[in-house]
Amino acid sequence: MLEGKTAVVTGASRGIGRAIALRLASSGAFVVVNYNGAKERAEEVKQKIEADGGAAAIYQCDVSDYGNCGTFIQDVIKEYGKIDILVNNAGVTRDGLLMKMSEEDFDQVIDTNLKGTFHTMRFVSRQMVKQRSGRIINLSSVVGVTGNAGQANYAASKAGVIGLTKTAARELAPRGITVNAIAPGYIETDMTSVLPEKVREASMAQIPLGSFGKPEQVASAAAFLASEEAGYITGQVLHVDGGMVM
Ligand code: NDP
């Protein structure tokens with residue numbers, strides 16, 4: 001289904017990004033597995049893709065660094081000739097109440113989640129415009145739509161991702177490029193494994209389907225948005241949240 005396509009997935013060493021990388025590769029895409037610190041885990045993702053008959057490469061890049069992203073994307077284009085699919089998945093949390101939140105914690109989350117998404121889109125969109133085709137998929141969150149006590153920085157970053165997605169969708173539509181966001185609910189990964197039991201219980205009470213999500217369920221949505229079949233869908237926010245937000 002994605003044979004001949006080149007995909008870049010940021011933050012693909014773990015969790016949702018890892019599942020998206022595996023899923024795109026199993027659909028036939030060549031996948032660039034980006035990581036920041038976890039080189040061994042990124043290498044493991046590449047090895048799994050290859051063991052399953054796919055092809056991948058790993059690239060270190062801190063997406064919060066504009067220059068680093070420019071070099072990363074240019075290197076990928078130089079090496080593989082094109083980028084058909086960009087998935088902006090890299091993300092962090094630094095939770096705390098607004099009144100106590102440090103400027104550093106606010107900036108770090110915005111710089112990674114929102115500016116990181118801008119950085120890669122900035123460079124990849126130039127290439128996609130030349131190609132007159134492309135798919136960009138950005139990871140937002142239910143929290144970017146509803147807000148969440150203790151996550152002012154994270155909610156602001158994820159709401160920003162939605163605005164960025166819709167604007168880029170309008171700008172790039174005439175060039176045959178679609179830009180969509182996925183808003184996951186509560187997905188079981190390293191990011192949520194650190195949450196206290198009380199928070200887990202309160203989240204579960206808000207999920208009509210009655211279970212936490214799995215990274216593979218988000219990956220299915222990403223694979224759909226990356227596919228030919230989704231060619232008439234742009235500027236949308238697809239919720240993968242067990243019905244948390246409707
Ligand atoms: P994890 O914490 O499990 O993994 C985060 C990934 O992001 C890692 O691969 C990490 O790389 C990478 N990363 C972090 N900072 C950077 C950076 N500066 N540059 C490059 N890569 C970076 O997160 P999840 O899998 O849970 O989340 C993935 C995305 O989905 C995030 O954007 C998150 O906000 C969003 N999301 C998650 C939800 C959930 O319930 N889990 C719900 C809603 C949205 P490394 O390992 O190298 O550090």
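Using Cβ point charges alone (K and R +1, D and E -1), the dipole size of segment 52-187 about the Cα centre works out to roughly 740 debye. Between Ala55 and Ser102, the modelled labels are 4.5 nm apart [label points 7 Å from Cα along Cα→Cβ]. Full extension from Ser193 to Met1: what is 0.36 nm times the residue separation minus their Cα-Cα distance, to one decimal in nm? Separation in residues times 0.36 nm, less the Cα-Cα distance, equals 65.8 nm.
Could you tell me which of the pairs Lys5/Lys82; Lys78/Lys115; Lys5/Lys78 are separated by over 18 angstrom between their Cα atoms in the structure shown?
The answer is Lys78/Lys115.
For the peptides 205-212, 137-144, the ranking by mean Cβ contacts within 10 Å, running from highest to lowest, is 137-144, 205-212.
A Cβ-based charge dipole, computed about the Cα centre of segment 1-50 with Lys and Arg at +1 and Asp and Glu at -1, lands at about 140 debye. Taking Cα centre as origin and charging only the Cβ of basic (Lys, Arg, +1) and acidic (Asp, Glu, -1) residues, the dipole magnitude of segment 154-213 rounds to 340 debye.
Listed values for segment 134-140 are Karplus-derived 3J(HN,Hα) couplings in whole Hz (6.51 cos²θ - 1.76 cosθ + 1.60, θ = phi - 60°), namely x, 10, 10, 10, 10, 7, 9, and x replaces Gly and Pro.
Averaged over its residues, the chain has an accessible area of 47 Å² per residue, based on protein heavy atoms and a 1.4 Å probe. Per-atom-type breakdown for the chain gives carbon and sulfur 51% of the accessible area (1.4 Å probe, protein chains only). The Rg/Rh ratio of segment 185-246, with both radii computed over alpha carbons and Rh defined as the Kirkwood radius, is 1.05. Note on Lys214 and Glu43: the model spin-label points, each 7 Å out from Cα along the C-beta direction, lie 2.8 nm apart. For Gly235, the amide hydrogen comes within under 5 Å of the amide hydrogens of Val179, Asn180, counting only partners 5 or more places away or on other chains and with H modelled in the peptide plane. Under the simplified labelling scheme, the Lys78-Met246 pair shows an inter-label distance of 5.0 nm, with each label point 7 Å from Cα along Cα→Cβ.
The values are calculated or read from the model by the stated rules, or taken from the named source; none is laboratory data. Bear in mind that the values here come from a model prediction, so they are computed numbers and not experimental data. Note that each Cβ is placed from the backbone with ideal geometry, even for glycine, and that neighbours are counted across all protein chains shown. The area values use the complete protein model at the heavy-atom level, side chains included, leaving out ligands, DNA and RNA. Shrake-Rupley method; radii C 1.70, N 1.55, O 1.52, S 1.80 Å.
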